[in-house]
Structures are given as C-alpha cells and as structure tokens.
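The values are calculated or read from the model by the stated rules, or taken from the named source; none is laboratory data. The structure displayed is predicted, hence computed values, not measured ones. Note that we place each Cβ from the backbone using ideal geometry, even for glycine, and neighbour counts take in every protein chain shown.
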Amino acid sequence: MSFSDLGLSEPILRAVTSEGYENPTPIQAQSIPHVMAGRDLLGCAQTGTGKTAAFALPILHRLTAEGNPAPGSGRKIRVLVLAPTRELALQISESFSSYGRNTPLRNTVIFGGVGQGNQVKALQRGVDVLIATPGRLNDLMEQGYINLAQLQIFVLDEADRMLDIGFLPDIRRVMAKLPKVRQTLFFSATMPPEVRKLADDLLHQPAKVEIAPVKATADLIDQSVVHIPKAKKTRLLAAFLRQPGVDRSIVFARTKHGADRIALQLLRYGIRAEAIHGNKSQNARQRTLDRFRIGKLRVLLATDLAARGIDVDNITHVFNFDLPHEPETYVHRIGRTGRAGSAGKAIAFCDPAERSMLKGIERLTRKSIPVLEELPEPPVLSEEELALIDELAKPDEDFADGSAIRRPARHRSTTEERPDDGGGPPRRRKRRRPGGPGQGIHSAHRPPREGRPAEGATGPGAGAGAAPGRPAHAASHGRPAGRPQGSRPSAGHSQGRPQGSSGRDQSGGGHWQGAPGAGGGSSAARGPRRPGRKGPRRPRGRS
C-alpha cells in the first residue's frame, strides 16, 4: 500500500514524497482512513511507529478540503493537539509544518518555560492548528487568548505520559472547554486502567487500532545488562562510549541532578556530553537537541520526561545508567534505538539495589535480559587526553550556554583570608569580637566618631576610630572612663565597616585606615582636631 492509496490530497502527497516517505507504517495505514471518515480513534502504539503522521496527514487533508475562512472572518482554532512535553509539542508542530508546506494552513505551538508574548502574537494572527502543553494552554485560556468554540478535532497524544506527569486535572479543565460535537483522537503507548477510563470519558464509539505490543519493541533490539556497583558505573560508561561503533548514544538517568553529574564526570575522560531535563531553559534544551541531531554532539544525557518526543534517527546505543522504577519506562527508553530496521543496542547498568527493577522489566517483556560478560577495558588517560580535557573545559561558541560544563562557585575570601595588598575592600567580613587587634566597633550603617590619633600613629587618617592607650576624658561628656574616645558601646551593635572608607584594618592600630578624600566621617577628610577641644564632635544641629 502507498500513501496515494489512502486518498490523501495532492498537496499532502507531494509533501510526503519530498520527506522521503513512500509507504505508510501499519498504524498510519490503519488510522488514516478512520480519521478521514470523521470517527473517534483509540490508538495504542509505541514511540517510533509513525503515529504523529497517522493523525497529522488526515487532519491536514480534511482542513484543506474545507478551504480557507471567508475574508475578514479571521482564522479560528479548528484542531487542538495536546502533548505532555515541550519537546514533543515542537516535534508535532514541525510535522504539521512539513506535511502542510503546500497548503495555506497555519499552525503554532505553545508551551511553558518561556515568555508568552510571541505565542500570544501568533494566536492573535490566527491559527488553524494549535499544538500545546496543558499548563500553558490553561493559562492562556484563562487570560482570554484562546477560544475553542470552533474546534472540530481534539488530539490527545501520549496519554499515559500525561497521567504519569500529573496532568490529569489540567486535562479535565481542557475537556470542560471543548465543544460537545467534535472528533477525538486518543493515543497512548500503554493502557493502564486510569488511561482507559480517561479514554472512555473522551471517546464516542471509537475505532480501535493497536500496533506493536510492549514486548514486541524489545524483540528488535540487542539488549544486555551489566551487574555493577553504582560507584563504578561512570567509569564503565566511559569505557563503552570510547568503543568503536558507539556513534550516537542516549544515556538515561533517573534524576536531573544525576544527569548533570554524569555529564561532568564523563568530561574527566575526555567525553563531551550534555544533559537535557526540566531545569534547563527551553532555548538551552533546544540547542542541545539540535547539536545532537546534526551530529555535533555524540552523547546525550536525558531524564525520562525530557526525552519524550525526541525524534532522532540513527541512535546506535541506549544506556540505562539508572534502571527506571516503572518497567514500561524501560521500553520507552530502549525504543529510541533500533528504528526503521537499523541495528540498535540497549545496555543496562544494574546495581544490587536495582535487582527488583530488573525483574519487573523481564516480567513485562517476558524475556530474560542476557548478562554481558565481555566488558571493555576501563579507560587510561594519556598526557594528550589530559590536555584535551583541559581544552574541553574551556567554553566555546557551541557550548556558550554552559549546559554540560558547570564551573565551581567562586571562592569568596574573608578579610583574614585575603592579603592586605590594597586591592580594595573584601567581599565579606567575619564578625570580630572586641578585645583583639583592630577591634574598633562601629555600627554597620553609621560612620565612627572621630578620635585622636593613636600613640605612634602617623599619616592621614590615623585618627579614625578608637585610639587605645590614650588617657580617658572626664565623665562630663557622658563616656565611661574605661572606653576609648571615638568608639561606640559594644552592646546591641553589629560589627561593620565605616561607610565611605576604602582601606583595611591594620593589626595593632585598632582603627580603619581612611583613604584621603574619602567620606563617611574619616578624620583624614575633615583634618585634625582643633587644639583644646575635648570629647567627640557633636552632630550638626545640636547645641
């Protein structure tokens, strides 16, 4: 069977031919006639079976047959496609753009994690097909930017992933806004009870298409497992990645921080890898995927959610660095390789604590995963490779976003750690307790009062702060005889630096060295005290 046998319009067929496709996949051959006939559809198919084209091609055919809206009436959203992740939403949007290149139809994609300004502008210009993630869709509907009154077709893709993420409440909110009369297309890789219940709520007498059961995907891929302690996994992974024939690999980690950590550890072995996960910005994730797709990046670290919707061909190896808690997730992971008849390998690293997860995977696939006995030699780094690692650690234009290389935080030295070389004020001072050298105590928000120069002190600014060793004045000025003139009581005051002073404390001087011309109450700026004056200067405005 060819695509022309399915009755698709000529503009759609030309686009399909230009993409290099000749014959439909099983899910396309079975789904397209039902969608073109206007029936609801329940499709159960794994990733990589061509299900995006199974609904995109007939939708474009139907919209093209209806023609463009009347002049002045504006474009209304006639098709809504809901996807669980930004990456999958972008992939679907690209498919609609490619297959609909010879039609006047417009599509746009909206998702969270980026500003909504450009997305709102695209909606205001009018679209025929809207691809969205649930969170951003509900946000823009609440703001009044999206109206689904004219909707004809609703597509829910990767329904099982939607529920795994926790999008069921968001999906229910979207369902409340859908027209009663519509066509619904429902796709899921697995059919647990909660997914089937959601399908029953959405669909009306659907046609059912089931392609490639869960265990069938595993039969096409060379699988193996290595029993190894967690502490040795990274070194073994580096050994595999340095083997000939490991050209394009995805390494799956269970957590976001784990993916980042593995990427940094691989850098020690001269292997550049980048991680994609929910903590990365959308732009950084997209740049990483683009580099991986065109071959500039050989190793991709991914979490399960971020990897959904990645459509990259010729992936030679999938490494399960951490085994997933859900056996179905393992099948999703290894489905990234072995596509379209090409050879693929899936290697799992199993820590003793993960044995129960491995048994669950084998029960689901009904296949015992063989243990890999012959392991590659652990890498030994030469001087040239060590130099290469140093070079790789330098940022370049391709990795300017720093998505794989994270610099250690800059160490901020304290006053005691930094030498007194006149290089400017320290970034941070530790609190000092009274009694040691240099212990003039001032308020953090108020400059110290002026005092007379300390004994033996010379030069400008020598009189700022306390002056130990001077005879105390009489108590007529309200100062205890035991406290140096120019200092403040220690009770209730925090240690700080005088405002406007740029010098450092000198051990043994008991004061801040004021720079010439500096403000903040420095005696160097105000000059020496007039002879015969007793006590500190009085604030201005007081008699």
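Within region 326-352, take every residue that is assigned to a helix (DSSP H, G or I) and touching a residue at least 40 places away in the same chain (Cβ under 8 Å) and give me the one that is surrounded by the fewest Cβ atoms within 10 Å (Cβ to Cβ). Let's see the steps before the verdict.
Of all residues in region 326-352, those assigned to a helix (DSSP H, G or I) come to 327-334, 352.
From the residues that got through so far, the ones that are touching a residue at least 40 places away in the same chain (Cβ under 8 Å) too are 328, 331-334, 352.
Working: Glu328: 18, Val331: 25, His332: 24, Arg333: 22, Ile334: 25, Pro352: 9.
Among them, the one singled out is Pro352.
From the list Arg287, Arg293, the one residue that fits, being out of contact with any Gly (no Cβ under 9 Å at 6 or more places or on another chain), assigned by TED's automatic domain parsing to the domain that holds Glu377, buried (at least 17 other Cβ atoms within 10 Å of the Cβ) and in a helix (DSSP H, G or I), is Arg287. Against the numbered list (1) under 30 Å from Ala45 (Cβ atoms); (2) surrounded by fewer than 14 Cβ atoms within 10 Å (Cβ to Cβ), Pro229 comes up short only at (1). Return yes when Lys280 is within 30 Å of Leu156 (Cα to Cα) and surrounded by 15 or more Cβ atoms within 10 Å (Cβ to Cβ) and no when it is not. Judged against the criteria, Lys280 is a match.
Filtered by the rule that a residue be of a type in the set (A, V, I, L, M, F, W, C) and in contact with a helix residue (DSSP H, G or I) (Cβ under 9 Å, 6 or more places away or on another chain), region 341-357 gives Ala346, Ile347, Ala348, Phe349, Cys350, Ala353, Met357. Looking at Gly112, Gly166, just one residue is out of contact with any strand residue (DSSP E or B) (no Cβ under 7 Å at 6 or more places or on another chain) and over 30 Å from Gly360 (Cα atoms), and that residue is Gly112. Of all residues in region 232-275, exactly one satisfies the criterion of being farther than 14 Å from Leu300 by Cβ and touching a strand residue (DSSP E or B) at 6+ places or on another chain (Cβ under 6 Å), namely Lys233. Of all residues in region 308-319, those being closer than 25 Å to Phe187 by Cβ and touching a strand residue (DSSP E or B) at 6+ places or on another chain (Cβ under 7 Å) number 2. The residue that is farthest from the chain's Cα centre (by Cα), counting only those in region 1-58 that are over 21 Å from Val129 (Cβ atoms) and assigned to a helix (DSSP H, G or I), is Asp5. Is it true that Leu323 is in contact with a Cys (Cβ under 7 Å, 6 or more places away or on another chain), buried (at least 20 other Cβ atoms within 10 Å of the Cβ) and farther than 23 Å from Gly112 by Cβ? Yes; evaluated as a whole, the condition is true for this residue. Could you list all residues from region 353-374 that are touching a strand residue (DSSP E or B) at 6+ places or on another chain (Cβ under 7 Å) and in a loop (DSSP other than H, G, I, E, B)? Of everything in region 353-374, those that are touching a strand residue (DSSP E or B) at 6+ places or on another chain (Cβ under 7 Å) and in a loop (DSSP other than H, G, I, E, B) turn out to be Ile369, Pro370, Leu372. Residue-level analysis places Glu87 outside the set of residues that are of a type in the set (D, E, K, R) and free of Cβ contacts under 8 Å to residues at least 24 places away in the same chain.
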